[in-house]
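Read through the structure below, which is laid out as structure tokens, and then see the notes.
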Amino acid sequence: MSGNNPEHAERTAFLADFADRWLAAWNSHDTDRVLDLLHDDIIWDDRVFWTEIIYGRDAMTAYVDKIWDAMPDVSFVEIERFFSPEHLRGVVLFRQTGHGPTGLNPDKTFDQHGCDIFLRFADGKLAHYLSEYDIVGMLEQLEALPARGNRLGGAYVMSLLGAQHRRQFRKGHHDTVPIPDH
């Protein structure tokens with residue numbers, strides 16, 4: 001499909017309009033406005049924040065509401081967008097800023113980049129979504145995690161676990177409950 005093809009132009013316009021409505025909905029902090037953009041059978045993958053993939057629009061209310069709880073004044077600014085009209089997919093690179101939640105450190109702020117990945121649409125609504133951003137960086141900025149220092153990649157994440165849990169992890173006992181260090 002070439003850039004001169006009317007279908008290409010129509011799909012590009014759809015993706016651009018959707019990206020505009022997407023950011024406006026998230027910046028409104030209105031759960032229903034966000035949910036209105038989602039297909040009833042949405043597949044939502046934000047395992048950076050949530051514990052599992054969410055299936056279905058009805059299950060999304062708890063997720064969206066929890067976002068507002070965790071990031072009460074979060075705002076999103078688009079940096080750039082990338083579209084594949086041929087496959088009706090898009091990526092919106094964004095910058096998110098805000099304060100920490102009340103129970104964590106509400107006086108501290110975060111400023112982090114991420115991207116929304118629109119993998120599939122159905123009936124004019126988002127049907128498959130993937131989110132990518134660095135929650136570790138956000139938590140460091142909110143002083144909820146110690147500074148990384150010179151620890152690389154997984155070594156930093158593993159350093160955050162208690163010694164007993166690290167030993168269990170090395171032994172392959174990934175499903176055990178961590179024993180707190182005393």
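Of note:
- Given R0 = 22 Å, the distance between the Cβ atoms of residue 113 and residue 27 translates into a calculated FRET efficiency of 0.85.
- Each Cα pair under 8 Å and six or more residues apart adds its separation to the average, and for the chain the resulting relative contact order is 17 percent.
- Extension gain for residue 120 to residue 45 (0.36 nm times residue separation, less C-alpha to C-alpha distance): 25.8 nm.
- Here each label is just a point 7 Å from Cα along the line to Cβ, and for residue 62 and residue 136 those points are 2.8 nm apart.
- Projected over all directions and averaged, the alpha-carbon convex hull of the chain occupies 13.1 nm².
- For the chain, the longest principal axis of the C-alpha atoms and the axis of helix 60-70 are separated by about 60°.
- Label point 7 Å beyond Cα of residue 7 along Cβ direction - residues of region 81-113 with amide nitrogen under 15 Å: 85-89
- FRET efficiency for residue 36 and residue 143, using Cβ-Cβ distance with R0 set to 30 Å, rounded to 0.05: 0.25
Every number here is computed from the coordinates shown, using simple stated rules; none is lab data. Everything numeric in this text was worked out from a predicted model, so none of it was measured. FYI the Cβ positions are ideal-geometry reconstructions off the backbone, even for glycines, and counts take in every protein chain you see.
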